[in-house]
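A.B. asks: After the structure tokens below, expect a handful of questions from me.
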Protein chains: 2
Amino acid sequence: MNAVTDTFRNGVDREKMFATLDLIKAQPELARFQFRATNRWISGAHNRSTIKAFYGAGAEDASRTEAFELDAAEPEILLGANDGPNPVEYLLHSLAACLTISIAYVATARGVELTAIESTLAGDLDARGAFGLSDEPRNGFEHIHASFRVTGNAPEEKIREVVERARQRSAVYDIVTNGVPVAIEVAVG
Amino acid sequence: MNAVTDTFRNGVDREKMFATLDLIKAQPELARFQFRATNRWISGAHNRSTIKAFYGAGAEDASRTEAFELDAAEPEILLGANDGPNPVEYLLHSLAACLTISIAYVATARGVELTAIESTLAGDLDARGAFGLSDEPRNGFEHIHASFRVTGNAPEEKIREVVERARQRSAVYDIVTNGVPVAIEVAVG
């Protein structure tokens, strides 16, 4: 093994991880982040977000040379043309991705070598809410069920502790379970 | 104008929209939907979701011939390699997309012809929460600010009413502002 394989675990640079944590401990203002998405309607249900710039660690990020573009839409049964996943499917992806990254990072910090993280998330809703046909069902998911399978070179109990810690520290799990205030400003014309 | 341009408005089939609403009014059980995402960790922060099947209108959907694949990751400053947008950026996209579709659909139902819907969403967070360095800042966004610009062939007041109704009926706005219970089941090995 060379120095590179020694510091990397689970594809994460452990030395950089611990240096980052030390830096934020010393200068907590570096932990301020602002993430952004800009969206443009195309036609019908079809719309596209552009994601590139964000603020973090005291500066605007310059690491991304190209923007990410994400198409969203609805399936035909919801009056779209399947030009992309729909918004609630993107929300499930956001939650799955955040929990998965959290598991990978916590495992790395604790010296656990992972071989797989797989998950399936499902969310149930009654579309009468979003269609405006009833005030009784809420518009969004009534509940989300996430089923994870995690494998690694540690005893089951230790892997379960990693997943539990990841849940406790996941940004999107916090947002989705606790909610967050959203202010909407509208300009017309 | 032919029959096709008469029924379509804003790229949405109005006849199909009203027929769908009538059908759900008559058979509310058709409004039950379950959406899903399956995620697989690749390495480090990099992971990928596959989105295809869902249940709705009394059956498994068969309209999607191919699955959507979404890559998520983190930027370098958050110990990733920019292999995709990060989870909280996906959440902003999910919210932007849902509000945009809701605006397009409400406008269509009310006979308003839109020419543009553009939005920028920004979310602020203190990464000490997600990094496990402090219990004081929450893990997720403290607040989200959405700035919309909407143009169409109706008086400003009517367009503002469309946007307000869309906000009231958006599935993701409901989830993100009010929260939803998430159950996590873990299998090890």
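A.B. asks: Taking the axis that carries chain A onto chain B, what is the nearest Cβ in chain A, and at how many Å, to the whole number?
C.D. replies: Residue plus distance in Å, as requested: A:Gly179, 2.
A.B. asks: Continuing with the same structure: Would you mind checking the pairs A:Lys25/B:Lys52; A:Lys52/B:Lys52; A:Lys52/B:Lys25; A:Lys16/A:Lys158; A:Lys25/A:Lys158 and listing those with alpha carbons more than 32 angstrom apart?
C.D. replies: A:Lys25/B:Lys52; A:Lys52/B:Lys25
A.B. asks: About its Cα centre, how strong a charge dipole does segment A:38-124 have in debye, to the nearest 20, once Lys and Arg get +1 and Asp and Glu get -1 at the Cβ?
C.D. replies: In debye, rounded to 20, segment A:38-124 gives about 300.
A.B. asks: State to the nearest 20 debye the size of the charge dipole of segment A:85-189 about its Cα centre, where the only charges are +1 on K and R beta carbons and -1 on D and E beta carbons.
C.D. replies: 360
A.B. asks: Find, to one decimal place in angstroms, the Kirkwood hydrodynamic radius of the protein assembly as shown, where the mean of 1/r is taken over every pair of different Cα atoms and then inverted.
C.D. replies: 21.2
A.B. asks: Can you list, shortest first in nanometers, how far B:Thr177 lies from the same residue in the other copies, with each label 7 Å from Cα toward Cβ?
C.D. replies: Listed shortest first, these distances are 2.3 nm.
A.B. asks: Measuring from a point 7 Å out along Cα→Cβ, what nm distances, shortest first, does B:Glu60 have to its partners in the other copies?
C.D. replies: 4.8
A.B. asks: How large is Rg/Rh for segment A:150-189, to two decimals, with Cα atoms and a Kirkwood Rh?
C.D. replies: Rg divided by Rh gives 1.38.
A.B. asks: Rounding to the nearest 20 debye, state how big the charge dipole of chain A is about its Cα centre with +1 on each Lys and Arg Cβ and -1 on each Asp and Glu Cβ.
C.D. replies: In total the dipole reaches around 560 debye.
A.B. asks: Tell me the label-point distance for the pair B:Ser43, A:Ala53, using the 7 Å Cα-to-Cβ offset, in nm and rounded to one decimal.
C.D. replies: 3.3
A.B. asks: Suppose each label sits 7 Å from its Cα in the direction of the beta carbon; what would the B:Phe8-A:Glu161 distance come out to in nanometres?
C.D. replies: Once both label points are built, they end up 6.0 nm from each other.
A.B. asks: Using +1 at the Cβ of each Lys and Arg and -1 at the Cβ of each Asp and Glu in segment B:30-189, identify which of B:Ile175, B:Phe68, B:Ala104 lies farthest towards the dipole's positive end.
C.D. replies: The listed residue farthest towards the positive side: B:Ala104.
A.B. asks: Taking a point 7 Å out from Cα toward Cβ as the label site, list the nm distances between A:Ser147 and the same residue in every other copy, smallest first.
C.D. replies: The projected label point of A:Ser147 is separated from its counterparts by 4.4 nm.
A.B. asks: If you take the Cα atoms of chain B, find Rg, then find the Kirkwood Rh from the mean of 1/r over all pairs, what is Rg/Rh?
C.D. replies: 1.01
A.B. asks: Buried accessible area between A and B (1.4 Å probe, both chains summed, ligands and nucleic acids excluded), in Å² to the nearest 100?
C.D. replies: 11700
A.B. asks: Here's another thing I want to ask about it. Work out from phi, with θ = phi - 60° and the Karplus expression 6.51 cos²θ - 1.76 cosθ + 1.60, the ³J(HN,Hα) of each residue of segment A:31-40, listed in order in whole Hz, and give x for Gly and Pro.
C.D. replies: Once θ is set to phi - 60°, the couplings for segment A:31-40 become 7, 6, 10, 10, 9, 9, 9, 10, 10, 9 Hz.
A.B. asks: Next question, about the same structure. Kindly provide log₁₀ I(q)/I(0) values, in the same order as q = 0.13 Å⁻¹, from the Debye equation applied to equal alpha-carbon scatterers of segment A:48-110.
C.D. replies: Once normalised to I(0) and log-transformed, intensities are -0.57.
The values are calculated or read from the model by the stated rules, or taken from the named source; none is laboratory data. Note that the structure is predicted; figures quoted are calculated from it, not measured. Heads up, the Cβs are rebuilt from the backbone with ideal geometry, glycines too, and the neighbour counts pull from every protein chain shown. With ligands, DNA and RNA removed, areas are computed over all heavy atoms of the protein, side chains included. Shrake-Rupley method; radii C 1.70, N 1.55, O 1.52, S 1.80 Å.
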